[in-house]
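Everything below concerns the one structure shown next.
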Protein chains: 2
Amino acid sequence: MKKDLIQELAVTSDSKIVLVVFDGLGGLPRNPGDKTELETAYTPNLDALAVRSVCGLADPVSMGITPGSGPAHLSLFGYDPVQYQIGRGILSALGVDFTLQHSDVAARANFATIDAKGNVIDRRAGRIPTEKNRQLCELLSRIEIPGVEIFVRTEKEHRAAIVFRGPGLSGRLSDTDPQKVGVPALKVEPLEDEARQTAELVNQFVEQARAILSCEKQANMILLRGFDKYEALPGYAQRYRLNAAAIANYPMYRGVARLLGMTILSTGDTIHSEFETLAQHYRDYDFFFLHIKKTDSMGEDGNFEGKVNIIEEADRCFPVLMNLQPDVVIVTGDHSTPAVLKAHSWHPNPVLLYSKFCRPDQVKTFSESECRQGGLGRFPAVNLMPLMMANALKLSKYGA
Amino acid sequence: MKKDLIQELAVTSDSKIVLVVFDGLGGLPRNPGDKTELETAYTPNLDALAVRSVCGLADPVSMGITPGSGPAHLSLFGYDPVQYQIGRGILSALGVDFTLQHSDVAARANFATIDAKGNVIDRRAGRIPTEKNRQLCELLSRIEIPGVEIFVRTEKEHRAAIVFRGPGLSGRLSDTDPQKVGVPALKVEPLEDEARQTAELVNQFVEQARAILSCEKQANMILLRGFDKYEALPGYAQRYRLNAAAIANYPMYRGVARLLGMTILSTGDTIHSEFETLAQHYRDYDFFFLHIKKTDSMGEDGNFEGKVNIIEEADRCFPVLMNLQPDVVIVTGDHSTPAVLKAHSWHPNPVLLYSKFCRPDQVKTFSESECRQGGLGRFPAVNLMPLMMANALKLSKYGA
């Protein structure tokens with residue numbers, strides 16, 4: 001879908017769209033012939049909705065590609081993640097409510113533990129408490145390097161966001177995070193000629209940070225990755241004429257939503273509180289993105305039963321949503337996170353699209369195996385936004 | 001499919017392809033759990049053909065996009081409708097057998113009714129008889145504006161085509177049709193600097209037309225839309241090496257076919273007469289496009305039973321086609337027109353492709369729900385022409 005075509009066809013209307021994303025929804029059976037996490041879960045509400053819906057399997061990027069959360073969400077939001085590449089650093093900065101300015105360069109930071117030889121022994125510094133993180137970020141914020149303004153912001157536990165602001169900065173920089181233990185942190189390298197000066201500034205920052213942190217037992221080092229320069233995207237209002245709101249209790253997802261101009265609604269820590277937030281604000285927006293994080297966390301932890309439980313917990317919240325009588329409901333994942341892999345994977349996600357005009361198929365339960373037989377077939381997730389818009393009667397005819 | 005790739009691979013052979021297009025074929029059930037128009041229709045001949053065919057669901061443009069008839073047919077003919085954008089005016093002019101010249105600018109015209117204040121009160125002038133239209137077009141043809149030749153041609157009922165010919169004309173002009181009643185007709189505005197002079201000429205034409213029509217009760221105004229400048233496309237002979245013929249009893253569809261160099265066969269008003277025309281000319285061409293209009297008209301009118309009846313009427317004609325023993329037969333729609341929506345829609349169309357080499361699937365009846373399970377899966381309609389060519393053994397191998 002050409003980006004300008006959908007922008008050209010989008011019209012406003014009273015209908016409302018709710019996109020529910022179970023992070024890392026797709027799964028795998030533990031043994032051949034067994035069921036996936038979603039197939040194991042008891043999900044009477046999702047199954048009832050599937051009967052009234054058209055279903056399918058969506059590839060987050062393209063067949064075989066395992067995406068990170070950023071590209072996976074861009075795809076769900078209708079932005080081709082190969083065309084729109086956004087660094088982890090940008091997403092982290094947006095996720096901590098930092099107001100990025102054009103040309104800011106941001107990186108994702110982990111507090112880490114190094115040994116006496118300088119080798120990384122824990123890439124997450126034992127997941128230090130968020131409060132400790134705040135104290136350390138406060139210290140690192142005092143670092144001064146001529147020619148650049150530096151912002152250090154706490155994300156959660158061992159995670160932080162760092163933003164460099166100044167003239168002539170480049171975002172084309174290599175990571176310092178070696179992505180494994182037993183080796184030292186890497187130096188930042190410029191990935192283009194214009195990035196040399198920025199690389200130097202960042203390396204100076206890391207050196208000073210290491211000095212400041214040297215008396216810490218756990219968080220005695222900082223690792224940087226996902227450098228990127230901020231450039232604004234055409235947002236939901238411009239591209240889809242939607243007044244969109246996001247409900248997410250993890251910063252990264254609020255960050256992506258904010259990048260596209262969605263209003264971030266404050267919400268509680270539970271899935272149920274997210275659905276309650278939806279109900280409270282239902283009159284004020286025409287598009288809602290509701291993000292459920294813990295399916296992914298459980299998958300990453302290899303906790304099959306935990307992931308099943310989260311899916312069941314979310315299923316119990318669906319009456320709150322359906323009582324609002326939304327015009328279009330989509331339920332899917334951003335990517336798969338099978339517990340057996342303890343990681344994101346390339347498998348397509350089950351998709352359910354409900355609307356009065358969806359042309360329902362024969363799918364009776366919301367699962368990987370049934371969605372495979374659904375009317376949407378297997379398709380790239382980037383097509384979901386045009387489908388949602390069409391089902392909400394928010395797209396005009398193309399050509400005469 | 002890259003246009004130059006298929007052109008490079010196309011070879012001639014004795015085999016014959018028949019593409020039968022039911023306009024607006026795809027539908028929706030009237031109530032949840034009910035059947036669509038096609039599923040309701042009794043179609044023993046199409047079902048028997050489906051058993052010997054490979055089936056699937058085709059998206060006219062891409063998922064979620066509702067196309068007009070022009071782009072939808074270009075797609076069926078193998079021309080990406082986002083790449084090849086053709087204005088309604090060009091299609092209308094081609095549809096009335098007007099021989100366009102390179103750089104002609106054409107518009108679709110509606111006779112309309114305005115009140116004493118100049119506000120449009122009927123965008124179709126009560127659908128005046130075609131004979132009345134002819135008289136009015138005759139009058140408007142007498143308008144003379146220096147620097148431009150003007151052709152006014154009757155299409156049908158309230159519809160006409162207007163062609164402007166002259167040096168330096170631009171097709172980048174806004175519509176005068178306000179697309180609603182209770183407001184005045186709009187002035188033509190140039191959409192690029194080079195279009196200023198053309199806009200002025202067209203506005204002069206409209207003013208004179210209004211004066212001429214002022215004594216009419218119903219058709220006292222003319223509304224213009226879909227301006228476009230004619231540029232020839234690579235046609236069927238050049239691109240596919242096909243000697244193609246079109247059988248269509250509505251002008252617009254003859255227009256698209258003529259645009260691609262198909263020979264237009266004159267035919268009768270009934271579906272049966274179209275199939276008879278096919279039989280008469282079967283020896284003379286190797287590709288036939290047979291267009292059935294009334295499925296769409298019934299859908300647009302919200303007439304579910306009427307659409308069912310048209311499908312059944314067409315089904316009864318299929319023995320005429322199959323007795324010719326064609327090598328490849330395709331049956332599909334250009335877009336969906338569900339009676340419940342009374343409009344074109346974004347839903348994919350059922351597709352049936354018969355050939356000796358089609359690798360039949362398990363589909364036993366020609367319907368949206370069964371085609372969903374077919375061997376072609378869900379795919380963009382622009383892929384159909386290469387599939388037809390391949391099944392007719394008219395495409396050579398790509399690469400060594």
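At-a-glance table
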{"read-out": "The range B:323-333 - residue that is closer than 19 Å to residue B:43 by Cα and touching a Phe, Trp or Tyr at 6+ places or on another chain (Cβ under 9 Å) and, of those, farthest from the other protein chains (Cβ to nearest Cβ)", "value": "B:329"}
{"read-out": "Strands (runs of 3 or more DSSP E) contained entirely in the range A:276-361, each with at least 1 residues that are closer than 27 Å to residue A:383 by Cβ and in contact with a Ser or Thr (Cβ under 7 Å, 6 or more places away or on another chain)", "value": "A:328-333, A:349-354"}
{"read-out": "Selection within the range A:367-400 - crowded, with 22+ Cβ neighbours inside 10 Å and among the basic types (Lys, Arg)", "value": "A:394"}
{"read-out": "Of the criteria (1) under 22 Å from residue B:177 (Cα atoms); (2) touching a strand residue (DSSP E or B) at 6+ places or on another chain (Cβ under 8 Å), which one residue B:94 fails", "value": "(2)"}
{"read-out": "Looking only at the range B:344-368, and only at residues there that are of a type in the set (Ser, Thr, Tyr) and in contact with a strand residue (DSSP E or B) (Cβ under 9 Å, 6 or more places away or on another chain), the one that is nearest to the other protein chains (Cβ to nearest Cβ)", "value": "B:345"}
{"read-out": "Residues being at pLDDT 95 or above and of a type in the set (S, T, N, Q) - total across the range B:239-265", "value": "2"}
{"read-out": "Any hit, the range A:191-199, residues being in contact (Cβ under 8 Å) with a residue 40 or more places away in the chain and either of a type in the set (Ser, Thr, Tyr) or on the phi > 0 side of the Ramachandran plot (or both)", "value": "yes"}
{"read-out": "Among (1) within 14 Å of another protein chain (Cβ to nearest Cβ); (2) without any contact (Cβ under 8 Å) to a residue 24 or more places away in the chain; (3) under 25 Å from residue A:370 (Cα atoms) - the single one residue A:4 does not satisfy", "value": "(3)"}
{"read-out": "For residue A:113: the one exception among (1) of a type outside the set (A, V, I, L, M); (2) under 30 Å from residue A:265 (Cα atoms); (3) not in a loop (DSSP other than H, G, I, E, B)", "value": "(2)"}
{"read-out": "Residues located in the range A:89-108, provided they are in contact with a Phe, Trp or Tyr (Cβ under 8 Å, 6 or more places away or on another chain) and of a type in the set (Val, Ile, Thr)", "value": "A:90, A:105"}
{"read-out": "Among the candidates A:9, A:25, A:19, residue that is touching a residue at least 60 places away in the same chain (Cβ under 8 Å), within 18 Å of residue A:306 (Cα to Cα) and touching a strand residue (DSSP E or B) at 6+ places or on another chain (Cβ under 7 Å)", "value": "A:25"}
{"read-out": "Leading residue by the ranking (farthest from residue B:71 (Cα to Cα)) among those in the range A:369-400 that are within 8 Å of another protein chain (Cβ to nearest Cβ) and charged (D, E, K, R)", "value": "A:378"}
{"read-out": "Given (1) in a helix (DSSP H, G or I); (2) at pLDDT below 95, number of the condition residue B:101 does not satisfy", "value": "(1)"}
{"read-out": "Only one of A:70, A:64, A:33 that is surrounded by 24 or more Cβ atoms within 10 Å (Cβ to Cβ), assigned by TED's automatic domain parsing to the domain that holds residue A:291 and not hydroxyl-bearing (Ser, Thr, Tyr)", "value": "A:70"}
{"read-out": "Boolean, residue A:99 is in contact (Cβ under 8 Å) with a residue 24 or more places away in the chain, farther than 20 Å from residue A:287 by Cβ and either surrounded by 18 or more Cβ atoms within 10 Å (Cβ to Cβ) or not small (Gly, Ala, Ser) (or both)", "value": "no"}
{"read-out": "Some residue of the range B:76-86 being part of a helix (DSSP H, G or I), modelled with pLDDT of 95 or more, touching a helix residue (DSSP H, G or I) at 6+ places or on another chain (Cβ under 7 Å) and within 30 Å of residue B:331 (Cβ to Cβ)", "value": "yes"}
{"read-out": "Residue B:170, sole failed condition from (1) within 18 Å of residue A:400 (Cα to Cα); (2) in contact with a Ser or Thr (Cβ under 6 Å, 6 or more places away or on another chain)", "value": "(1)"}
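Residue-by-condition table, conditions (1) within 22 Å of residue A:367 (Cα to Cα); (2) among the β-branched types (Val, Ile, Thr):
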site	(1), (2)
A:274	no, no
A:290	yes, no
A:302	yes, no
A:310	yes, yes
A:314	yes, no
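Residue-wise test of (1) within 12 Å of chain A (Cβ to nearest Cβ); (2) in contact with a Phe, Trp or Tyr (Cβ under 7 Å, 6 or more places away or on another chain).
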| residue | (1), (2) |
| --- | --- |
| B:47 | no, yes |
| B:71 | yes, yes |
| B:80 | yes, no |
| B:87 | yes, yes |
| B:114 | no, no |
| B:122 | no, no |
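The values are calculated or read from the model by the stated rules, or taken from the named source; none is laboratory data. Only a predicted model underlies this, so the values are computations on that prediction, with no experimental measurement involved. Reconstructed Cβ throughout: ideal geometry from the backbone, glycine too, with neighbour counts over all protein chains shown.
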